[in-house]
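The values are calculated or read from the model by the stated rules, or taken from the named source; none is laboratory data. Only a predicted model underlies this, so the values are computations on that prediction, with no experimental measurement involved. Neighbour counts run over all protein chains shown; Cβ positions are idealised from the backbone, glycine included.
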């Protein structure tokens, strides 16, 4: 418990004057469609969700994440409702879902991020033999990775411009390698 108190104290000191905007592919809440057609919230999965779960219960910040499925699309009104309070008990975070066309997201996530960047990030290639960067990968870069990173950047830029003070922006993982520079071009602070 002492570690949590120390973490809360550190967070309060760092973010007292500059709000936090966290951007990650997966968010802290995933909405699944129930049998009766209503979106139901549950805790998101992934390491960044676990890492920030304590802060989500004690401090307010904005979390920008991909709409992972139909439920996320519905609650965000297909991206038209940018600010949502987390429906999970104890959460103090604001959610913002980035909604991209399903085909664009597929190229980004299933062709480029997981089959290529994940292995590259973890040094799991055998350079003489792989990766095989073919036309499909180039298409996924141009038609998936770049547009999704730009969509994330646009959401973060909008959030940053609404903040009273220049925020601290954290982009998480290989899914969003391009986003920080795209944000810096528009919001250099």
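Summary of values
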{"item": "Residue match in region 29-40 (condition: modelled with pLDDT under 90 and in contact with a strand residue (DSSP E or B) (Cβ under 7 Å, 6 or more places away or on another chain))", "result": "no"}
{"item": "Test: residue in region 122-140 that is closer than 26 Å to residue 20 by Cα and either more than 15 Å from the chain's Cα centre (by Cα) or surrounded by 12 or more Cβ atoms within 10 Å (Cβ to Cβ) (or both)", "result": "no"}
{"item": "Criterion violated by residue 111 - all others in (1) more than 13 Å from the chain's Cα centre (by Cα); (2) free of Cβ contacts under 8 Å to residues at least 40 places away in the same chain; (3) buried (at least 16 other Cβ atoms within 10 Å of the Cβ); (4) closer than 30 Å to residue 16 by Cα satisfied", "result": "(4)"}
{"item": "Qualifying residue in region 57-77 (condition: farther than 26 Å from residue 157 by Cβ, touching a helix residue (DSSP H, G or I) at 6+ places or on another chain (Cβ under 6 Å) and assigned to a helix (DSSP H, G or I))", "result": "yes"}
{"item": "Qualifying residues in region 120-164 (those that are closer than 25 Å to residue 48 by Cα and in a loop (DSSP other than H, G, I, E, B)) - the one modelled with the highest pLDDT", "result": "163"}
{"item": "Inter-residue pairs, beta-carbon under 7 Å, first free of Cβ contacts under 8 Å to residues at least 24 places away in the same chain and in region 167-189, second crowded, with 17+ Cβ neighbours inside 10 Å and in a strand (DSSP E or B), 6+ apart", "result": "180/171"}
{"item": "Selection within region 33-45 - surrounded by fewer than 17 Cβ atoms within 10 Å (Cβ to Cβ) and either under 20 Å from the mean Cα position of the chain (by Cα) or at negative phi (or both)", "result": "33, 34, 35, 36, 38, 40, 42, 43, 45"}
{"item": "Count - residues of region 81-96 that are assigned to a strand (DSSP E or B) and in contact (Cβ under 8 Å) with a residue 60 or more places away in the chain", "result": "2"}
{"item": "Subset of region 165-186 (residues that are in a helix (DSSP H, G or I) and either modelled with pLDDT of 95 or more or more than 12 Å from the chain's Cα centre (by Cα) (or both))", "result": "175, 176, 179, 180, 181, 182, 183, 184, 185, 186"}
{"item": "Filter result (more than 28 Å from residue 165 (Cβ to Cβ) and either part of a loop (DSSP other than H, G, I, E, B) or touching a strand residue (DSSP E or B) at 6+ places or on another chain (Cβ under 6 Å) (or both)) within region 97-114", "result": "100, 101"}
{"item": "Flag if residue 154 is farther than 21 Å from residue 46 by Cα and more than 17 Å from the chain's Cα centre (by Cα)", "result": "no"}
